[in-house]
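See structure below.
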Amino acid sequence: MSRIGRAPIAIPSGVTITVDENNHVVVKGPKGELSRTCHKDMKITVEGNTITVERPSDDKMHRSLHGLTRTLINNMVVGVTEGFTKNLEINGVGYRATQQGKSLNLSLGFSHPVIVEPPAGITLTAPAPNKIVVFGIDKEVVGEVAAKIRGYREPEPYKGKGIKYENEHIRRKVGKAGAKSAK
């Protein structure tokens with residue numbers, strides 16, 4: 001049995017969850033509303049203040065869907081109560097981020113500034129010129145937006161210049177040793 005899949009999900013106060021016959025799960029909370037259609041074979045039950053996910057058999061597919069379904073529902077519950085945050089750091093001379101209303105203006109060494117417009121439900125902030133914070137209630141979208149911002153200038157291995165996640169370790173390479181002239 002899946003250790004993750006069989007763990008019940010606690011429903012905090014202020015959160016309402018509805019599951020219809022097609023396994024369409026709707027979670028409403030203080031920060032917003034999320035919905036997702038889960039696989040039809042999984043049995044999702046709401047009993048009092050807990051949600052449990054059960055699988056019909058021990059097939060390989062059902063075993064893998066069991067933990068996945070439970071984790072997706074748990075992420076929805078955490079998202080509508082607390083939200084998710086990804087922190088990015090900018091390293092490099094002249095590289096910086098500034099806030100322009102809801103959008104983000106990135107100077108990354110290109111001949112033009114890069115303007116990032118956040119999708120619905122995502123908040124982009126630049127608390128410092130070399131820091132970016134991505135906040136939202138949907139964990140997938142927060143990760144996608146953070147990866148897209150990082151993709152504009154990925155950190156390079158020689159000097160470490162670029163945009164990286166806050167806790168990311170960049171593997172550094174040694175530069176060119178210098179050419180020796182042969183006489």
On the given criteria, is residue 139 of a type in the set (Lys, Arg) and over 18 Å from residue 36 (Cβ atoms)? no
Residues that are touching a Lys or Arg at 6+ places or on another chain (Cβ under 7 Å) and not in a loop (DSSP other than H, G, I, E, B), drawn from region 10-36: 16, 25
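Within region 37-51, which residues are in a loop (DSSP other than H, G, I, E, B) and under 18 Å from residue 138 (Cα atoms)? Show your work before the answer.
Going through region 37-51, the residues in a loop (DSSP other than H, G, I, E, B) turn out to be 38-42, 48-49.
38 - this is the single residue of region 37-51 that is in a loop (DSSP other than H, G, I, E, B) and under 18 Å from residue 138 (Cα atoms).
Being of a type in the set (Gly, Ala, Ser) and either open to solvent by 40 Å² or more (accessible area, probe 1.4 Å) or closer than 24 Å to residue 133 by Cα (or both) is the requirement here; does residue 67 meet it? Give the derivation first.
Numbers: of a type in the set (Gly, Ala, Ser): yes; either open to solvent by 40 Å² or more (accessible area, probe 1.4 Å) or closer than 24 Å to residue 133 by Cα (or both): no.
So residue 67 does not fit the description; no.
Does residue 28 satisfy the criteria of being within 19 Å of residue 140 (Cβ to Cβ) and open to solvent by 90 Å² or more (accessible area, probe 1.4 Å)?
Taking the combined requirement at face value, the residue satisfies it.
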Mind checking which residues of region 1-25 are surrounded by fewer than 16 Cβ atoms within 10 Å (Cβ to Cβ) and at pLDDT below 90? 1, 3, 4, 6, 21
Mind checking whether some residue in region 145-155 is within 30 Å of residue 81 (Cβ to Cβ) and not in a helix (DSSP H, G or I)? no
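For region 70-102, what are the residues that are open to solvent by less than 70 Å² (accessible area, probe 1.4 Å) and of a type in the set (Asp, Glu)?
To start, the set of residues in region 70-102 that are open to solvent by less than 70 Å² (accessible area, probe 1.4 Å) comprises 70-81, 83-84, 87-92, 94-95, 97-98, 101.
Once the filter is applied, which keeps residues that are open to solvent by less than 70 Å² (accessible area, probe 1.4 Å) and of a type in the set (Asp, Glu), region 70-102 yields only 89.
Can you list the strands (runs of 3 or more DSSP E) found entirely within region 82-130 that contain at least 3 residues being more than 15 Å from residue 148 (Cα to Cα) and without any contact (Cβ under 8 Å) to a residue 40 or more places away in the chain? Before the answer, list the steps.
Values: elements: 84-91, 96-100, 103-107, 114-116, 122-128.
The qualifying strands (runs of 3 or more DSSP E) are 96-100, 122-128.
The values are calculated or read from the model by the stated rules, or taken from the named source; none is laboratory data. The structure presented is a predicted model; accordingly, all values stated were derived computationally and were not measured. Heads up, the Cβs are rebuilt from the backbone with ideal geometry, glycines too, and the neighbour counts pull from every protein chain shown. Calculation scope for accessible area: heavy atoms of the full protein, side chains included, ligands and nucleic acids excluded. Shrake-Rupley method; radii C 1.70, N 1.55, O 1.52, S 1.80 Å.
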